[in-house]
1. How much length is gained on full extension from Ser149 to Glu19, taking 0.36 nm per residue of separation minus their Cα-Cα distance?
2. Fully extended, how many nm does the chain gain between Met37 and Ser142 (0.36 nm per residue separation, minus their Cα-Cα distance)?
3. If you count, for each residue, the other Cβ atoms within 10 Å and average over each peptide, how do 127-139, 59-71 line up from highest to lowest?
4. I want to make sure I understand the PRE zone here: with the label point 7 angstrom from the Cα of Gln91 toward its beta carbon, which residues in the range 118-157 have backbone N atoms less than 16 Å away?
5. Using 0.36 nm times the number of residues separating Arg98 and Arg111, minus their current alpha carbon distance, what extension gain do you get?
6. At 7 Å along Cα-to-Cβ for each site, give me the label-to-label distance between Asp64 and Lys84 in nm.
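FYI, it's all coordinate maths here, none of it is from the lab. What you are looking at is a predicted structure, and each value in this text was computed from that prediction instead of being measured. Here the Cβ positions follow ideal geometry from the backbone for every residue, glycine too, while neighbour counts run over all protein chains shown.
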Amino acid sequence: MVLATAPWLAATQEPKRLEARFDWFTYEGKDPVYEQMKAGPNQYLNPVLTGFYPDPSIVRQGSDYYLVTSSFSYFPGVPLFHSKDLVNWTQLGSVLSRPSQLAVDSAGISRGIFAPVIREHAGTFYMITTVADRGNFFVTASNPAGPWSDPIWLPELARGHRSVVLLR
């Protein structure tokens, strides 16, 4: 609920109550500059991943690169991309694609998933992240395209922010 006041309203008048409602919102990351500018041979445009993809984390397995980004309170969570050259990326899906993996329905718009980290060790992929104000967890998968496990919460890292996984 938003309260709107106007300078011409008398001090005794009640502010008008406005409600904002969205049935659907899609952000496609289409900027006209990319239609006008084209990369030449041995060139690329920056950013290589256009759109709303903050806090990227990348892991390499052989000749493949996988990238995850923050998704805040949006579902599905943690977009997952694949590339062979670090320039051309294809979205494989999202790491957190089931409601059982991501309960952010009561999180504010600027809360939720912060700064996920993706790593691979001995054929298992790990994604660890912070859920703002709720704690830290990780999920695993043998294939980065999924399926990913349900979260394993880390109470010893409660209320942390930046997530880090070190594997040897």
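1. 43.0 nm
2. Gain on stretching Met37 to Ser142: 33.9 nm.
3. Final packing ranking: 127-139, 59-71.
4. 145-146
5. Separation in residues times 0.36 nm, less the Cα-Cα distance, equals 2.8 nm.
6. That separation, rounded to one decimal, is 1.3 nm.
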